[in-house]
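To keep things clear, I will list the structure first and then write my remarks on it.
Read-outs throughout are calculated quantities, based only on the coordinates presented, and are distinct from any laboratory measurement. In this text, all values refer to a predicted model and were calculated from it rather than measured experimentally. Ideal geometry is used to build each Cβ from the backbone, glycine not excepted, and the neighbour counts take in all protein chains shown.
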Amino acid sequence: MRREIQGIMFAFLVLACCLVGVPSLWAEESLQALTSQAMEECQKGRRAKDPDIRSGHFDRGRALAEKAVALDNQSADAHFALFCSIGERMRANGEVLFSVFEYGSMMDALDQTLALNPKHLDALSSKGTILIEIPGFLGGDDEKGEVMLRQVIKEDSESINARMVVARQCAERGEHQEAYELSKRALELAKQQQRDDLLPEAEETFSGIQTKLMAR
């Protein structure tokens with residue numbers, strides 16, 4: 001009898017030890033699921049044509065990303081998912097007042113992503129683009145932004161946005177050949193990846209640079 005009781009107690013002890021790790025495992029799975037779902041909503045929002053449908057995707061993405069950040073504030077991907085939903089809604093919908101109030105939240109999420117993972121290529125591409133596109137008095141820095149984007153281009157052979165933005169910078173400086181090559185590759189990638197959200201911009205960028213090159 002004593003041996004049976006000891007066996008039962010040992011079984012409960014083993015079960016208890018196993019269950020200690022379960023919450024962290026569930027949390028990790030939930031974090032990954034929330035982050036993945038948030039990014040999926042952001043991608044759907046980018047591709048949506050209807051403004052209301054687009055906003056709905058971004059709102060759902062933001063809610064999911066905020067849950068992911070609350071679950072693990074040290075997750076770079078969770079912070080980037082939050083940035084994606086806030087930033088894409090601002091960019092796509094052009095809501096000026098919304099942008100004024102949300103710009104700080106967007107940049108906080110992006111900066112936190114890079115603080116946690118300085119090599120996060122999507123975050124580097126986004127930060128580099130913002131630094132180039134915003135005026136200097138708001139913190140813009142063309143040189144620093146281009147350095148970031150060139151790092152992305154070097155490490156990511158399929159980056160579209162970084163190539164487009166650097167191509168336009170090269171064109172402004174009169175570096176037409178490099179601008180042509182970068183914009184051409186960006187357009188090829190946009191077609192290959194079926195990025196309908198980026199294709200119009202890639203076509204416009206390439207067309208403008210090609211025209212300038214032919215006019216020389």
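Put in line by how crowded their Cβ is, counting other Cβ atoms within 10 Å and starting with the fewest, Val165, Val100 read Val100, Val165.
Toward the positive end of the charge dipole of the range 91-216, with +1 on the Cβ of Lys and Arg and -1 on the Cβ of Asp and Glu, the farthest Cα among Leu116, Ser105, Val152 is that of Val152.
Computed from point charges on the beta carbon alone (+1 for Lys and Arg, -1 for Asp and Glu), the dipole magnitude for the range 26-117 about its Cα centre is near 380 Debye. Using a cut-off of 25 Å between alpha-carbon atoms, which lysines can reach Lys191, once sequence neighbours fewer than 8 places away in the same chain are excluded? List returned: Lys44, Lys49, Lys127, Lys154, Lys212.
The alpha carbon radius of gyration of the range 26-117, expressed as a multiple of 2.2 N^0.38 Å, is 1.02.
Remark: Thr211, Thr113 ranked as Thr211, Thr113, counting other beta-carbon atoms within 10 Å and listing the fewest first. If the viscosity is 0.890 mPa s and the temperature 25 °C, what translational diffusion coefficient in µm²/s does Stokes-Einstein give for the range 119-216 when Rh comes from Kirkwood over Cα pairs? For the chosen part, D equals 183 µm²/s.
The Phe101 and Lys144 beta-carbon pair, evaluated with R₀ = 22 Å, returns a calculated FRET efficiency of approximately 0.25. Panel order for Met90, Met164, by other beta carbons found within 10 Å of each beta carbon, from fewest to most: Met90, Met164.
With 0.36 nm allotted per residue and the present C-alpha distance subtracted, the Lys212-Asp50 stretch has 54.9 nm of extension available.
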